[in-house]
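Below is one structure, written out as structure tokens; the observations come after it.
The values are calculated or read from the model by the stated rules, or taken from the named source; none is laboratory data. Treat the numbers as computed from the prediction; the structure is a model and nothing was measured. Here the Cβ positions follow ideal geometry from the backbone for every residue, glycine too, while neighbour counts run over all protein chains shown.
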Amino acid sequence: MKLLTIFSGALSVLLAIQDAPCQTRMFISNPAALEIMKGNYNPGSYRASVVTDNPDTVRMGIIRTVNQAEQVKLLIKLETFYNRNSGSDTLSPKTGIGACRKWILSYFDQVSKDRDNRLVNGYLEFDADICGKGHHKNPFALLPGSDTSNHEILLIEGHFDTRNENRCDTAGYTPGSTTTVREQF
């Protein structure tokens, strides 16, 4: 198996290029993102308007800006897609895994616009037999590093699919953790 390894500080991202045991034909939908993952980009193009080098300042900035109500709102939005099983509807604009992943990508697009278009977004696509569906894709957002001496990246990719007791139930309601979160909020 060929692997492309990209190190970002303590974070390493492994992309299986071919011969993956469960997933085949893996590719990145956005060619610019693939080039960035390979280190082929100008870090200066992604420099933030305000640069903070102190990790504690960055960490505390993230903690201070987390809004619990906004996080709950995002979880409740995910619940509206009704069933996010990997084998669920990919064509509906309102329900199923397809509508959910399109919404997540549009959310990443908006986050990028709000931050000087520094995020590069796309889908990590692959083939695998999961609940009767053969092709799958997960939205991601990539933040290229801006240090011209180091081509580090931050990759944000999540698994947003849900399952019922019958793991391939593509029709039943699968809210994920939202109901529990709503009850506690």
query: Which one is modelled with the lowest pLDDT among residues in region 23-35 that are assigned to a strand (DSSP E or B) and of a type outside the set (Lys, Arg)?
result: THR24
message: I'd like to check something: does region 73-92 contain any residue that is more than 24 Å from PRO175 (Cα to Cα), of a type in the set (A, V, I, L, M) and touching a residue at least 60 places away in the same chain (Cβ under 8 Å)?
response: no
query: If you check ASN164 against the conditions, is it under 29 Å from ALA48 (Cα atoms) and either in contact with a strand residue (DSSP E or B) (Cβ under 8 Å, 6 or more places away or on another chain) or in a loop (DSSP other than H, G, I, E, B) (or both)?
result: no
message: On the basis of being within 17 Å of the chain's Cα centre (by Cα) and more than 24 Å from LEU34 (Cα to Cα), does ARG84 make the cut?
response: yes
- prompt: Looking at (1) without any contact (Cβ under 8 Å) to a residue 24 or more places away in the chain; (2) outside any helix (DSSP H, G or I), which is the one condition that is false for ARG64?
  reply: (2)
Strands (runs of 3 or more DSSP E) within region 95-158 that include 3 or more residues in contact with an Asp or Glu (Cβ under 8 Å, 6 or more places away or on another chain), closer than 17 Å to PHE27 by Cβ and at pLDDT below 90: none
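Would a scan of region 73-94 turn up a residue that is at pLDDT 85 or above, acidic (Asp, Glu) and either outside any helix (DSSP H, G or I) or touching a Cys at 6+ places or on another chain (Cβ under 9 Å) (or both)?
Yes, region 73-94 has at least one match.
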- request: From the list ALA48, ALA16, ALA20, pick out the single residue that is in a loop (DSSP other than H, G, I, E, B), modelled with pLDDT under 90, surrounded by 15 or more Cβ atoms within 10 Å (Cβ to Cβ) and not basic (Lys, Arg).
  value: ALA20
